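Below you'll find the structure, written out as structure tokens, and then a few comments.
The values are calculated or read from the model by the stated rules, or taken from the named source; none is laboratory data. Since the model is a prediction, treat every value here as computed from it, not as a measurement. Heads up, the Cβs are rebuilt from the backbone with ideal geometry, glycines too, and the neighbour counts pull from every protein chain shown. Each accessible area value is taken on the protein alone, full model and side chains, heavy atoms only, with ligands, DNA and RNA left out. Shrake-Rupley method; radii C 1.70, N 1.55, O 1.52, S 1.80 Å.
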Amino acid sequence: QVQLVESGGGLVQPGGSLRLSCAASGRTFSSYNMAWIRQAPGKEREFVAAIGWDASSIKYAESVKGRFTISRDNAKKTVYLQMNSLKPEDTAVYYCAADLTYGLRVYGYAYWGQGTQVTVSS
């Protein structure tokens, strides 16, 4: 069993930065592949980034490539999403998700966090 708790969201101006954190409970965090998924108001959920259990595999959505960086610290049982050069279209609820299977997908994860709101506005 893995429980995920996101933090770090908030209101930021366009061009600004935020770092999201996702803290996990459970002894097997290091076995799980992790992902960030977001959902903007009135839109479908969208894949943002994924990182393999040992951080050897990392993928990004085209819309965030070069601006966002996913990382993990297995000793702290935490995955991060550093978001730079934020745009209004990045406004969404950001969820972290965990699964034993790695891949670029929106659904099909075994565990989800509750989400953290990111709002990019002047």
Quiz item: Which of the trypsin sites (Lys or Arg not before Pro) across region 20-122 are loop residues per DSSP, with 15 or fewer other Cβ within 10 Å?
Solution: Arg27, Lys43, Lys65, Arg67, Lys76, Arg105
Practice problem: Using +1 at the Cβ of each Lys and Arg and -1 at the Cβ of each Asp and Glu in the chain, identify which of Thr78, Tyr94, Ile58 lies farthest towards the dipole's positive end. | Solution: Thr78
Practice problem: Quick one: among Ser85, Ser56, Ser30, which has the greatest mean-square fluctuation in a GNM of the chain with alpha-carbon springs under 10 angstrom? | Solution: Ser56
Practice problem: Using a 10 Å Cβ count of at most 10 others and DSSP loop calls, identify the longest part of the chain lacking such GluC sites (Glu not before Pro). | Solution: 63-122
Quiz item: About its Cα centre, what dipole magnitude does the chain give when the only charges are +1 on Lys and Arg Cβ and -1 on Asp and Glu Cβ, stated in debye to the nearest 20?
Solution: 140 debye
Exercise. Would you work out what percent of the accessible area of the chain, with all protein chains in place, is carbon or sulfur (probe 1.4 Å)?
Key: 49 percent
Self-check item: Per-residue ³J(HN,Hα) for region 70-80, Karplus 6.51 cos²θ - 1.76 cosθ + 1.60, θ = phi - 60°, Hz, x for Gly and Pro
Solution: 9, 8, 8, 10, 5, 5, 9, 6, 9, 10, 10
Quiz prompt | Proximal aspartates and glutamates to Lys77, defined as alpha-carbon separation beneath 20 angstrom and excluding residues fewer than eight positions away on the same chain | solution = Glu6, Asp54, Asp99
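Which of the chymotrypsin sites (Phe, Trp or Tyr not before Pro) across region 64-110 are loop residues per DSSP, with 15 or fewer other Cβ within 10 Å?
Tyr107
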Quiz item: Over region 1-83, what per residue volume does the convex hull of the Cα atoms give, in whole Å³?
Solution: 106 Å³
